[in-house]
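Below: the structure, in structure tokens.
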């Protein structure tokens, strides 16, 4: 949810951030929203200063950068050709957040040698005492 | 000068899974060339064929991006920390 909030706050530009945890594992332990140095609605670039900050923070937590998330403002939650071409780590999770429709959609992928494999996204249920949130698509 | 080179996750498999390796060199360029020579699996991912820094990585000496220092000619002191971090982007 924090990821979707960061993406919505980044509009009209694409937003991005890093996933931190155990490299190669399925679970994301920490989320680090970052700046989009490209400040564009079409492309994103993790601000190098933020990358340094997150690298240090991950190290202090005894964890690694294990993936990246970014938003697509007008297209689907699916890696674009640019995303695939620039996916440099076959061990990372590449998460896409689509803001195209009213309800944001979150999907995760592995990208290895140009091949895209979708992964299941499981979001921990938000527990609010006395309130039944049911389940919202992608959230 | 012996420096500690911190490797990004994508390069660790070429160093036997290590996240830090010790490399000798007087400049960033020397350190990186030595790193690739000692771990040939990294060829083409840190330095390009003409010896310049690959655009998919950013290199820091302690906390300074070498692009704002002297690039590959940036000198390194004994015991310095050279971090190779991925340049992450997409569309």
Residue that is part of a strand (DSSP E or B), surrounded by 12 or more Cβ atoms within 10 Å (Cβ to Cβ) and more than 13 Å from chain A (Cβ to nearest Cβ), where the choices are B:23, B:59 = B:23
Out of all the residues in the range A:59-79, which are more than 14 Å from the chain's Cα centre (by Cα) and at the interface with chain B (Cβ under 10 Å from one of its Cβ atoms)?
-> A:59, A:64, A:75
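Identify, from the list B:64, B:73, the residue that is without any contact (Cβ under 8 Å) to a residue 12 or more places away in the chain, on the phi < 0 side of the Ramachandran plot, surrounded by fewer than 18 Cβ atoms within 10 Å (Cβ to Cβ) and over 10 Å from the mean Cα position of the chain (by Cα). Walk me through how you get there before you give the answer.
On the way: B:73 fails: without any contact (Cβ under 8 Å) to a residue 12 or more places away in the chain.
Checking each option against the conditions leaves just B:64.
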Within the range A:16-58, can you find the residues that are surrounded by fewer than 19 Cβ atoms within 10 Å (Cβ to Cβ), facing chain B (nearest Cβ under 10 Å) and in a strand (DSSP E or B)?
-> none
Exception for residue A:116 within (1) more than 9 Å from chain B (Cβ to nearest Cβ); (2) crowded, with 18+ Cβ neighbours inside 10 Å; (3) in a strand (DSSP E or B) falls at (2)
Taking the options B:46, B:31, name whichever one is touching a helix residue (DSSP H, G or I) at 6+ places or on another chain (Cβ under 8 Å) and either under 15 Å from residue A:55 (Cα atoms) or surrounded by 19 or more Cβ atoms within 10 Å (Cβ to Cβ) (or both).
-> B:46
Looking at B:67, B:12, which one is within 18 Å of residue A:48 (Cα to Cα), part of a helix (DSSP H, G or I) and either in contact with a helix residue (DSSP H, G or I) (Cβ under 8 Å, 6 or more places away or on another chain) or within 13 Å of chain A (Cβ to nearest Cβ) (or both)?
-> B:67
Taking the range A:5-15, which residues are touching a residue at least 12 places away in the same chain (Cβ under 8 Å) and farther than 16 Å from residue A:74 by Cβ?
-> A:6
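Within the range A:4-15, is there a residue that is in contact with a helix residue (DSSP H, G or I) (Cβ under 6 Å, 6 or more places away or on another chain) and either more than 9 Å from chain B (Cβ to nearest Cβ) or not in a helix (DSSP H, G or I) (or both)? Give the steps one after another, and end with the answer.
Within the range A:4-15, the first condition is being in contact with a helix residue (DSSP H, G or I) (Cβ under 6 Å, 6 or more places away or on another chain), and the residues that meet it are A:15.
Filter again for either more than 9 Å from chain B (Cβ to nearest Cβ) or not in a helix (DSSP H, G or I) (or both), leaving A:15.
Yes.
Could you list, in sequence order, all residues of the range B:8-20 that are buried (at least 16 other Cβ atoms within 10 Å of the Cβ) and out of contact with any strand residue (DSSP E or B) (no Cβ under 6 Å at 6 or more places or on another chain)? It would help to see each step written out before you state the result.
Kept after step one, since they are buried (at least 16 other Cβ atoms within 10 Å of the Cβ), are these residues of the range B:8-20: B:8-12, B:14-15.
Those that are buried (at least 16 other Cβ atoms within 10 Å of the Cβ) and out of contact with any strand residue (DSSP E or B) (no Cβ under 6 Å at 6 or more places or on another chain): B:10, B:11, B:12, B:14.
Computed from the coordinates by the stated procedures, all read-outs in this text should not be read as laboratory data. The structure presented is a predicted model; accordingly, all values stated were derived computationally and were not measured. So basically every Cβ, Gly included, is an ideal-geometry build from the backbone, and we count neighbours across all protein chains shown.
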